[in-house]
Each structure stands twice: as C-alpha cells, then as structure tokens.
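Below is one structure, written out as structure tokens, with a few remarks after it.
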Amino acid sequence: MTLSKLEIQQMLREMNVKFDADETHEELKQRLQKENHSLWLKSVSGSQADDGRDGRIRVRKRKRSVDPPEPLEKRFPERIATAEKSARLPVPPRNNTGTALRARTVEKPEPGKPWKTVADGTQPFNRKKNVFKSVLRRCGMCCEACGKPADKADPSTELRPFYIDPLSQGGEHSVKNMVALCPACCERLENDPSPKLIKELRRKTRSKLYDSLQVIRKTTVRSRGPFPGRRK
Ligand SMILES: [Zn+2]
C-alpha cells in the first residue's frame, strides 16, 4: 500500500505531528512510521499495565483517598467509657434452675393473715385466670346470692367475682372462695357483709352439688352403665 505525499501529510496533521512543509515523500513516510511505532509501543505498554500478565480484563478499582478510620476510643469516647464501666460491674449470679422464667410462686399465708405484698407493686396473688370462668360455669350465669340471671346484652347486670374470704384476709383465689354475684348483691355484700349470707354462700361453694366437676363425674358414671358397682 502506497500513500501519496498529501495523504501522509493529512494523516500526520490528524495525529498532531509537526512536520516541515518542505519534507520529501520519504522523510514523511519515515516520520509516519516512527509515529505509528511509538503509538504502538504506547498502546502495548499501556495495555500491559492495565490488563496484567494473563491478559484478563480487570475491573479498575477506584482508589480510596479516604483516611483510615480513627480508633473507636477516639470516635465514641463516652460509649467506650460506659462499656468499660459495665464490664467492671459484677455479673449477677444466674440461677440455672430456670425459676426466673417461671411464674412466681406465692406462699400461702397462715389462715387469717394477709398475703404478702410485693414491693414492686405487682399482683401479690398468684391468680389463675380460669377461676372466675369456672365460677361462671358453675353458677350458670346467674347470681349466686339472689339467683337473678345475667343479661348478656345488658352490661349493668354483668356478674362480678366476689371473694367470700377476702384475699386481704388470707382468702384464697379458688373456685371454693369465689362466687359470681350480680352488681346489686356485690355492692350489698361489700358494704354490709351479713354473716348469714356469707355462710350460705360458703356452704354453696363447698357443697358437692355445687362442684363444677360434678357434671363431668356424672356423665362418666352414666356411660359405664346403670349399676357400675354390681358388674363382674
Ligand atoms: Zn344477686
């Protein structure tokens, strides 16, 4: 391939290479070759630097001009101080028995004495939620003093739990110590606890006929047959 003098001059001009106007065709050719060679060298050396030896394409990592982070002590002095403080504190002993997760057991006081109160203000009584439900089942949604049925639609007739022996006087939270009363009876008993009525209520809750489990016992007996004792 041969290039004319004008073409070479044009190429050199495009490559930003200076040349004299009076140079001959040969001189211009040599100059072009030299320029091409230097370009080739540049590209080769540049590619070597970029691609490395194996020629794989590497993702150029951006240089991090950020200063290395300061040590934590300098950045969060107060946090470090509190952490050291807490680390120095004696570790409270863990009881491995797992009692911490269980419900707190409350010791029953002597009869006639109040339940222990707890300093943190939580309920000192180990109350079970189901007790009042059982009482309601027992009474059949009727007041246990006057026998008036509670109206579900009317919240003013809603039955309330009433302790025969008050918890503050050592009464226990159980089906036997709790009755469901209509609001009127409840107020009457709270204001004026007549011993006769209290005795009557206690007798009712203690009686076997009033036992909520009685219903279940009866059905199991019936299922065995009319005369379970005489079989065999
Ligand atoms: Zn009543």
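Count Lys and Arg as plus one, Asp and Glu as minus one, and take only other residues whose Cβ is under 14 Å from that of Arg31; the net charge is then -3.
Peptides 17-29, 137-149, 174-186 ranked from most to least packed by the mean count of surrounding Cβ atoms within 10 Å: 174-186, 137-149, 17-29. Packing order of peptides 5-12, 194-201, highest average first: 5-12, 194-201 (average count of other Cβ atoms within 10 Å over each peptide's residues).
Just to confirm a number: summing +1 for Lys and Arg and -1 for Asp and Glu over residues other than Pro193 whose beta-carbon lies under 13 angstrom from that of Pro193, what do you get? Residues near Pro193 contribute -1 overall.
Using θ = phi - 60° in the Karplus curve 6.51 cos²θ - 1.76 cosθ + 1.60, the 3J(HN,Hα) couplings for segment 177-183 round to 9, 10, 10, 9, 10, 6, x Hz; x is entered for Gly and Pro.
No value in this document is a laboratory result; all are computed from the given coordinates. Note that the coordinates shown come from a computational prediction; the quantities given were computed from them, not determined experimentally. Note that each Cβ is placed from the backbone with ideal geometry, even for glycine, and that neighbours are counted across all protein chains shown.
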